[in-house]
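What follows is a single structure, written as structure tokens, with notes after it.
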Amino acid sequence: MQYRSTRGDTSPRSFSDILLAGLADDGGLYMPETWPRFSAEQWREMRTLSYPDLAARILSVFTAGCIDLPTLQTLCARAYAGFSHAAIAPLTEIENGLFSMELFHGPTLAFKDMAMQLLGQLFEHVLTERNQRVTIVGATSGDTGSAAIEAFRGSPHLSVAILHPMGRTSEVQRRQMTTVQDANILNIAVEGTFDDCQDLVKAMFADTGFRKAVNLSAVNSINWARIAAQIPYYVRAALMLGAPDREVSFAVPTGNFGNVLAAWAAGEMGLPVRRLAIGSNRNDILTRFLTENDMSMRAVAPSLSPSMDIQVSSNFERLLFELLDRDPQACRDTMLAFRQNGRMRVDDAVWRRATARFDALMLDDDATLAEMKTLFERSGYLADPHTAIGIAAGRKAQEPGIPMVVAATAHPAKFPEAVCKATGIDPTLPPHLAGLFDREERYDILPNALTLVEDAVRRHVGLA
Ligand SMILES: Cc1ncc(COP(=O)(O)O)c(C=O)c1O
Ligand SMILES: N[C@@H](CCOP(=O)(O)O)C(=O)O
């Protein structure tokens with residue numbers, strides 16, 4: 001399996017290459033050269049696999065030529081060994097035909113662990129094999145950061161620097177990152193938004209001197225391995241509900257567009273995915289695109305679902321690449337124009353191809369609280385604000401006879417104020433995080449300035 005950039009860099013790259021590279025040299029995102037497809041019989045055979053073995057089977061088509069199936073099975077077994085639920089991603093019917101797929105039973109209580117725990121194993125494997133060291137710089141609106149820190153803390157092969165937008169995460173989210181004391185971890189609170197943090201990461205990749213000096217790598221969903229590792233849970237849920245002999249729809253609370261893109265990719269691989277419903281908070285650029293063909297940037301407004309306070313959804317570029325029939329020049333021009341003008345409107349035919357598969361719904365904070373309250377009163381289901389938005393989007397797009405699976409992306413205890421306000425319940429953190437509020441925090445505060453952030457990363461890795 002080889003990979004190519006959405007912006008035209010055509011030099012063939014293997015899975016291990018793109019795992020460590022993160023972002024293509026031309027600023028584009030890596031995509032598999034062709035979509036691997038499974039037959040109906042092959043999907044059926046996967047029904048009996050455990051979650052780790054299923055993940056290994058799906059990943060093996062993306063790592064072909066680099067990492068074999070038995071090795072992947074070992075890495076996946078290790079990755080999911082620490083999850084607190086035996087099913088790893090349990091599926092529960094919360095309303096008629098509407099299912100919650102809980103993705104928050106990993107160590108940091110959000111869906112990010114599902115992929116990040118595996119990335120931790122994959123990086124260790126490839127870096128050991130190549131006898132190499134890398135520096136991971138990541139941007140987080142709250143959840144990716146702690147998942148990455150947990151997956152990579154203490155590794156002798158890499159250093160990690162995580163940029164979060166100062167004061168724009170929940171306190172639990174911030175403390176999950178800043179109370180980790182391992183020497184290879186650096187937390188930076190950036191005076192700006194998540195988009196500023198994400199732009200800083202991309203600017204570091206564009207700064208060739210810096211990129212090479214620190215051997216820069218990424219674990220945000222710009223890294224294809226993150227998307228690949230998010231595909232298995234969609235497969236698992238669909239198989240449990242009758243696929244490949246029955247269609248299944250998914251609803252996903254969406255920000256950087258990585259999670260829903262994994263569901264879409266499962267469809268490209270032959271899984272009968274019918275509809276994909278995205279839910280957004282008031283930072284609704286994706287919803288406006290899917291309902292009005294209007295992708296115009298507005299100032300980011302803080303919300304009760306801070307992990308989705310995002311304007312520039314990195315992975316939209318991967319969908320755009322597909323919608324443009326994999327024309328890298330058109331994709332590059334469209335993305336550059338979007339960043340220059342702050343808005344994007346695509347040809348009607350292209351837009352219709354997107355809306356043929358995707359639905360979208362925006363919920364502001366009041367509507368989110370109302371959804372959380374109603375859910376709890378009607379079905380006793382305690383949802384975090386992100387998940388509640390996904391559930392509302394899923395209910396709206398639900399069709400008779402077609403199961404609708406909602407990605408439950410975070411544990412309610414990550415957002416206790418919102419949950420308590422909506423339901424009166426004060427969700428408790430699991431025992432391993434019980435002392436979180438007593439632990440010492442450690443982080444730098446920096447303005448949104450590339451040189452200062454690069455200097456901090458250089459110091460962290462001993463280059464300054
Ligand atoms: C809890 C939670 N829900 C939803 C999202 C949105 O997911 P994505 O960025 O993959 O669209 C995020 C952040 O990524 C998140 O942390
Ligand atoms: N919501 C995310 C934002 C980054 O998303 P990613 O999937 O690209 O890592 C977060 O919680 O950090």
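The values are calculated or read from the model by the stated rules, or taken from the named source; none is laboratory data. Just so you know, these numbers come straight off a predicted model, no measurement behind them. Don't worry about glycine lacking a Cβ; one is built from the backbone with ideal geometry, like all the others, and counts go over all protein chains shown.
Tabulated data
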| item | result |
| --- | --- |
| Any chance Ala422 is surrounded by fewer than 18 Cβ atoms within 10 Å (Cβ to Cβ) and either out of contact with any Leu (no Cβ under 7 Å at 6 or more places or on another chain) or farther than 19 Å from Ser146 by Cβ (or both) | no |
| Condition met for Arg226 (in a helix (DSSP H, G or I), among the charged types (D, E, K, R), under 25 Å from Asp284 (Cα atoms) and modelled with pLDDT of 95 or more) | yes |
| Residue in segment 181-188 that is touching a residue at least 24 places away in the same chain (Cβ under 8 Å), within 16 Å of ligand 1 (Cβ to nearest atom), in a loop (DSSP other than H, G, I, E, B) and over 16 Å from Ala456 (Cβ atoms) present | no |
| Where His386 falls short, out of the listed (1) away from ligand 2 (no atom under 16 Å from the Cβ); (2) buried (at least 23 other Cβ atoms within 10 Å of the Cβ) | (1) |
| Pairs with Cβ under 6 Å, 6+ apart, first in segment 136-150 and aliphatic (A, V, I, L, M), second away from ligand 2 (no atom under 11 Å from the Cβ) and not in a helix (DSSP H, G or I) | Ile136/Leu158; Ile136/Val160; Ile136/Ser217; Val137/Ala161; Ile149/Val180; Ile149/Ile185 |
| Test: residue in segment 330-346 that is closer than 22 Å to Val273 by Cβ and not in a loop (DSSP other than H, G, I, E, B) | no |
| Cβ-Cβ under 6 Å pairs, at least 6 apart or on other chains, segment 396-413 side in contact (Cβ under 8 Å) with a residue 24 or more places away in the chain, far side within 16 Å of ligand 2 (Cβ to nearest atom) and of a type in the set (Asp, Glu) | Ala410/Asp384; Pro412/Asp384 |
| Close pairs (9 angstrom Cβ cut-off, 6 or more residues apart or separate chains): at negative phi in segment 312-328, among the acidic types (Asp, Glu) and away from ligand 2 (no atom under 16 Å from the Cβ) anywhere | Phe321/Asp327; Glu322/Glu268; Pro328/Asp9; Pro328/Asp26 |
| Segment 241-255, subset over 16 Å from Ala397 (Cβ atoms) and touching a helix residue (DSSP H, G or I) at 6+ places or on another chain (Cβ under 8 Å), residue farthest from ligand 2 (Cβ to nearest atom) | Asp245 |
| Total residues in segment 173-195, condition in contact with a Pro (Cβ under 7 Å, 6 or more places away or on another chain) and either closer than 13 Å to Thr144 by Cα or within 15 Å of ligand 2 (Cβ to nearest atom) (or both) | 4 |
| Gln117 crowded, with 24+ Cβ neighbours inside 10 Å and under 22 Å from Ala456 (Cα atoms) | no |
